[in-house]
Amino acid sequence: MSGTSAALKPPVDAVKPTRHPDAPAPGELLGAHYGECFGCGGEQAHGLHLEARAGEGVRITAEFTVQPAHQGAPGLAHGGVLATALDEALGSLNWLLRTIAVTGRLETDFVRPVPVGTVLHLEAEVTAVAGRKIYSTAIGRIGGPDGPVAVRADALFIEVKVDHFIDNGRPEEIRAAMNDPDQVRRARAFEVNP
């Protein structure tokens, strides 16, 4: 990405990311981490319903279809929706590290308009890790994995503890997630914050 700020350049002591041994296998659908998530949740009527799959190394692929509810200008995706899709894809990388992390900084480049009805294909990868800081990059293409580039982003995620969500989230949602009898859903609600 051209013009990336200094805050998104890994320090010289950053290390190459390592895929966690318990990470989902390449090709495996990651699924929503939380049903109400605007990016990946199935319970959001106007959400992106972005679906991400584990890739090789510390990479994922994802896609979503731009719906009429996602438009800004007539017939075109809103830039904020595209930034959300990039953020969701980048956050999904944390599944492969098996760490809880939140977006610290996200810089986007909007290269070309994305029409309503378009399937946006996203690829993301972790490029470096330095302590609690996770550096990553993503690209979004129109019409297929080899289509023209529409958007791209660089991001910095910060590793946090589950207390981050408990201390800052709305108590009703936190209680509902923590009291969910489905152990898997309960754990996944706080696993990552893409």
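Work through the residues other than ASP13 whose Cβ is under 15 Å from its Cβ and net out their charges, Lys, Arg +1 and Asp, Glu -1.
Working: positive: LYS9, LYS16, ARG132, LYS133; negative: none.
Around ASP13, the surrounding residues sum to +4.
Just the number please: accessible area per residue for the range 17-115, 1.4 Å probe, all protein chains included, in Å².
I get 46 Å² per residue for this part.
Points 7 angstrom from Cα along the Cβ direction at ALA25 and GLU43: gap in nanometres?
The two pseudo-label positions are separated by 3.0 nm.
Could you grab the relative contact order for the range 54-142? Cα pairs under 8 Å, six or more apart, rounded to a whole percent.
Values: 135 pairs, mean separation 33.2, N = 89.
Averaging sequence separation for qualifying contacts and normalising by length gives 37 percent for the range 54-142.
Relative to the compact-globule scaling 2.2 N^0.38 Å, provide the ratio for the alpha-carbon radius of gyration of the range 1-125.
1.10
Taking only C-alpha pairs under 8 Å that are 6+ residues apart, what is the relative contact order of the chain in percent?
About 23 percent, as a whole number.
Give me the percent of the accessible area of the chain that comes from carbon and sulfur atoms, probe 1.4 Å, all protein chains in place.
Numbers: 5170 of 9780 Å².
Using a 1.4 Å probe with all protein chains present, the chain comes out at 53 percent carbon and sulfur.
Add +1 for every Lys or Arg and -1 for every Asp or Glu among the other residues with Cβ under 9 Å from the Cβ of GLU36, and state the total.
Charge balance near GLU36 sits at -2.
Please express the Cα-Cα pair-distance distribution P(r) of the range 101-160 as a list of whole percents, one per 10 Å bin, running from 0 to the bin with the greatest distance.
Cα pair-distance distribution for the range 101-160, in percent: 24, 43, 25, 8, 0.
In nm, to one decimal, how far is the modelled label at GLU36 from the one at ASP146, with both set 7 Å along Cα→Cβ?
In this crude spin-label approximation the distance works out to 4.4 nm.
Round to the nearest 10 and report in Å² the accessible area of THR137, as given by a 1.4 Å probe over the protein chains' heavy atoms.
The accessible area comes out at roughly 40 Å².
Just subtract the alpha-carbon distance of ARG98 and ASN179 from 0.36 nm times their residue separation and send over the number in nm, one decimal.
Values: separation 81, 0.36 × 81 = 29.16 nm, distance 2.24 nm.
Using 0.36 nm per residue and subtracting the Cα-Cα distance, I get 26.9 nm.
The values are calculated or read from the model by the stated rules, or taken from the named source; none is laboratory data. Everything quoted here is computed from the prediction, not taken from an experiment. When we count neighbours, we look across all protein chains shown, and the Cβ atoms used for this are built from the backbone with ideal geometry, even at glycine. In case anyone asks, the SASA skips ligands and DNA or RNA and just uses the protein heavy atoms, side chains included. Shrake-Rupley method; radii C 1.70, N 1.55, O 1.52, S 1.80 Å.
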